[in-house]
Every structure is written in structure tokens, then in C-alpha cells.
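What follows is a set of notes on a single structure, which appears directly below.
Please treat every number below as a calculation from the coordinates, not as lab data. None of these values were measured; they are calculated from a predicted model. Heads up, the Cβs are rebuilt from the backbone with ideal geometry, glycines too, and the neighbour counts pull from every protein chain shown.
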Amino acid sequence: MPSDSTTEADAAVEGLDPAEPAVAEGQAVAAIDMGSNSFHMVIGRVEAGVPVVIDRLKEPVRLAAGLDGDKKLTDDAVERALACLARFRERLEGLGKTQVRAVGTNTMRRARNSRAFARKASAALGHEVETISGREEARLIYLGVAHDRAVGGRRLVIDIGGGSTECVIGDGNVPIAVDSLYMGCVSYSMRYFGDGALTKGAFKRATLDAARKLEPIARPYRKLGWLECFGSSGTIGAISEISKAEGWSDGTITAKVVRRLRKRMIEAGSVGGLELKGMPEERRQVLAGGVAILAAVIEELGIETMERSHGALREGVLSDLLGRMRDEDVRDAAVEGACKRFGVDRGHAERVETTALALFDHVAEPLGLDAVKDRKRLGWAARLHEVGLALTYSSHHKHGAYLIANCELAGFSHGEQRLIAALVAGHRRKLRMENFEVLPEAYRKRALHLTALLRIAVVLCRSRNPEGPPSTRLAYRRGHLILVMPPDWLAEHPLANRDVEIEAERLAKVGITLDAL
């Protein structure tokens, strides 16, 4: 099996440092939110088991404004982003890979060249940059608000970002309804106020467009109801500050506040002529789009009052990161939920997982696999490898890969979810290299290695014997994987012996040599 050494670029992306210790009191952790309007970094120190913020950095990168007509990030936008991340990197000096998490949101989801950008961004930051789904973004935003506002009872959280708006209803720390809508202050400001004019007609068109996007969720949200409503991030924070400075409220946002603000903006007539107390200058160009969206949100959802929360996506990422470091990983719960939803044979899946992880532990180091990250990924794939049986036995590896790639798995980045799907797609039958070519470049080598380990575990557990396969070792010598079985076991089990021979033939076609002793 090829032991391609991990490149420096891959290491920067994947963080292949040796396993680091669990979170300790006083340890620093950092979260980077690469938003469509601004990039934020928050650094915390663990005190009494929770992250206490000790530093914040923010730069208005305007990534969404850098999408051209072909939905590609322009060179200028990429340069702005990389320069910002290089500055952030200085503040991260001394923090290990497990202490930092960086996430990209709506614009990175939309950009056609997002993978190439993510590689450059990871190298500039010195840590892996993930692209997360809209629903995952909403979950993390809710977690950030819940951390900031530790109140009981059901709450509604609204976050108007540069490219998307997240709406979440939850109870305590648990989200109940989670939605991400493709409308944001940057995209709407460019679409409806791009010429700088602030007119009644432009506000009407923008608000109606936002209302149409809200229509599918409005009735379910009103039916669920909430006791308190909180708004987070830049748009809502700016409107809250303006309302307070102008004397319209104590910072609480209401329909009346938004109407007064919209009236003042129309009276100003242009973005350049807009004068409002408390308005951050960096919000000037994107405020109109945010106000139009907020007006629609308040009207469609029937919001009476909205309080500002200082917790947002980055605080949610920080809390989630701390959970991972404590081995309280939401991804484990997401995989468990998928197993239940698709009726996985838990006993068999656990035997395959145990076998695969034992094989992994034997050869992870010589194959250059990460003892923490890659081990988790292999375990998740083993637990999920038969989800496709929920549809049919025929081609269930392909069905399973589709389900995993397209279902919501909380905590997983886009790249990581595709990696798990690729492992499931490759766990049986012919091993197709195209399954790996769709992955981010940094994942491809490890995906092939992990798939080989999963395939061998599946073969060894094929009898579905509740006692599991016999004690087996896997060695790696001179480019060969060597499967060491108990003496005469293969000879006494001709069907299993033939399965191993067939597997060796299939692996050989992709350059992996498997010998059995």
C-alpha cells in the first residue's frame, strides 16, 4: 500500500500533530468565523470548564461582494481574505490543532472555487478551514446565543449574516427547528441598493423578496412559539446600537424601531448621505439590505420584541470545540441518530467498527494517519456502512453514500461528511477511484487508506458471527499490508479465505498490496 508521506500543505489543512491532551484549566481555545461580510476571531481561556473570552478580532473582508458573475471568488476578494487570515495566524501562535476551529459560511458554500480557496485559506491561517452547511451554521449560532443568554424556556434566535439568515427555535441548549435562508445583508444590499440609492420602492422589493423566502417556515415557527426572541451578529447588533443612540428604545428591536429606521434611510436618499447616531461606519454599505430582511422577519414570524445577544457563530464554534476536546462530540450523537433513523444492525456495525479500529491502531503511524481525527472518521464510517440497506441490498454501498452525503449530520463539515460518504461507497465491491476524486485534495490519500481498512474489517466480519472475527493483526512492511491470522484459520475457513483473496485482488487494482498469513 502506498505510504505517501503527508505534505506540509496537507498537515496545515488536516492538523496531523500527535494526539494532544484533553482540555485543561487555563488552556486557550480559538474560533474563526469566515463570514460573508466580516471575518471574526474569538479567543477564550477555559475557566471552571467553560470558555471565557479574552480577545476578539474582526475585519470587514466582504467576501460575498467578491463573488463574480460565474459565482467565483475574485482575486481581490481572495487576497483580502488571505491577508486577514495571515494576521489572525499571528494571534494563534502556540495553539495546537485541536485548540482551533475555523469555519466558512454562506459565501464559501456558494463559491464555485471554494475548495481551491479553502486550501489557500488553511495554509494562510495554519489551521484547517471547514465549510459548514447552513443548518450547521444555524445550530452553532443557537449554541452561541444559548451560551450568552443562559435562560430557560423556548427561544427564537435570528441571525442576519452577509449571505444568509439563520432562524432557530430551541429549548435550553437544544435546537428544535433549524433553518438557513439564502438572504443576507451583503447580497441584498448589492441586489436592491447597489447603486447607493435608498428608495421606498427598493425597500419594498427587498422586503417582499425576503418575505417569500420566509413563507415556508413562518407557519411552523408561529405554531411552535417561543417565550423570548434574540438576535445576533452584525446587522442586528448595529440596529440595536442605532436604536439606543437615537433614543428610539433601550436597544430592544421592535417593528416600530425598524419602521423608524427605514423611514430615516429613505429620507437620507442615499447610502453616502445616511447619518445615524450609533451606526458603525463599516455597516454603511450593507445596512439597507439587513434592515429590509429584518423587517420581513419581524412581520412574517410575528415578532413583538427582539433582544440583542452578544453570542453568535464564533461563540458557538468555541463551545462546540470545547465539547470535542472533552470527548463530548456532537458528531457522535449525529452518527448515533443516523443509525437509529436508518435501522442499522447495531451489533454488526459495532463488530465492524471494533475490528476496523484495531487494524487502524496497528498501521496508523506508518501510513501517516492521524491517531485522533482519522480514527474517529473510520469509526463513524464503520457504524454507518450499512445505512443503505434501509433502501435495498442491491448497491446498498452507493445508496448509503448518497444518504450520508445528503443528510444533516450535526457537527460535520462539508468535506468531512463527503469523506465518510466516500468510505461507505468504497466499503464493498469494486473500489472506484472516482469516489475519492470528488473529495478535497487533502482528504484523498487518507480516504483511500481508511477505505482499505474498512473493507478488510467488513470482510473479516462477513459471517456476522456475534462473537466477532478471530484475533487478527495487520502489519505494514515494505509497502505491503500483511494480515496475520491465527494458524490454519484461513485453511479451516475456505469461504473466508476466498473472501480475503478476492479483496486482495480488488485492492491490488488501486495500488494496494494485501498479503495474508
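Annotations
- Range of Cα positions in the range 327-469 per principal axis (Å), largest first: 36, 32, 32
- Centroid-to-centroid separation of the range 124-169 and the range 313-335 [C-alpha atoms, Å]: 13
- Helix-only [θ]222 nm of the chain, DSSP H runs n ≥ 4, -39500 (n - 2.57) each, per residue, nearest 500: -16000 deg cm²/dmol
- Between residue 224 and residue 328, the C-beta separation translates, for a Förster distance of 35 Å, into a calculated FRET efficiency of about 0.85.
- Charge dipole (debye, nearest 20) of the range 189-255; +1 at Cβ of Lys and Arg, -1 at Cβ of Asp and Glu: 460
- On the principal axes of its alpha-carbon atoms, the range 94-225 has extents of 50, 44, 21 Å, going from largest to smallest.
- Semi-axis lengths (Å, descending) of the ellipsoid that matches the C-alpha gyration tensor of the range 409-479: 25, 16, 12
- Sequence-separation-based contact order of the range 327-469, relative, with Cα cut under 8 Å and 6+ spacing, percent: 28
- Selection from 330, 82, 180, by position along the positive dipole direction of the chain (Cβ): 180
- Bins of 5 Å from zero: percent of alpha-carbon pairs in the range 219-314: 2, 13, 24, 26, 18, 9, 4, 2, 0
- Reported to the nearest whole Å, the Cα centre-to-centre distance from the range 471-497 to the range 244-275 is 73.
- Cα point-scatterer Debye curve for the range 33-178, base-10 log of I(q)/I(0) at q = 0.15, 0.16 Å⁻¹: -0.81, -0.91
- Dipole of the chain [Lys/Arg +1, Asp/Glu -1 at C-beta], most positive-end residue of 367, 404, 196: 196
- Judged by the ratio a/c of the largest to the smallest principal axis of the C-alpha gyration tensor, the range 145-193 counts as prolate, that ratio being 1.5 or greater while a/b is larger than b/c.
- Of the residues 348, 493, the one with the fewest other Cβ atoms within 10 Å heads the list, and the complete ranking is 493, 348.
- Antiparallel DSSP beta bridges within the chain, as percent of all bridges there, nearest 5: 65
- Length gained when the stretch residue 68-residue 429 is fully extended (0.36 nm per residue, less Cα-Cα span): 125.7 nm
- Projected label points at residue 56 and residue 83, each 7 Å from Cα along the beta carbon direction, are separated by 2.4 nanometres.
- Fewest-first ranking of 396, 310, using other Cβ atoms within 10 Å as the exposure measure: 310, 396
- Modelled spin-label separation between residue 393 and residue 463, with each label point placed 7 Å from Cα along the Cα-to-Cβ direction: 1.9 nm.
- Placing +1 on each Lys and Arg Cβ and -1 on each Asp and Glu Cβ, with no other charges, gives the chain a dipole about its Cα centre of roughly 1540 debye.
- Correct choice for Kirkwood radius over Cα pairs in Å that was computed from the model, options (i) 23.6; (ii) 27.6; (iii) 24.6: (iii)
- Label zone (residue 116, point 7 Å along Cα-to-C-beta; backbone nitrogen cut-off 17 Å) within the range 408-446: 438-442.
- Once the C-beta distance of residue 476 and residue 346 is scaled by a Förster radius of 41 Å, the resulting FRET efficiency is 0.85 to the nearest 0.05.
- Each of 458, 52, 286 was scored by other Cβ atoms within 10 Å of its Cβ. Arranged with the fewest first, they read 52, 458, 286.
- Relative contact order, whole percent, for the chain stands at 14, derived from Cα pairs under 8 Å and 6 or more residues apart.
- Basic side chains Lys and Arg get +1 at the Cβ, acidic Asp and Glu get -1 at the Cβ, and with that the dipole of the range 28-147 about its Cα centre reaches some 240 debye.
- Taking a quarter of the surface of the Cα convex hull of the range 150-308 gives a mean projected area of 8.3 nm².
- With Cα atoms as the point set, the radius of gyration and Dmax of the range 230-387 evaluate to 25.0, 71 Å.
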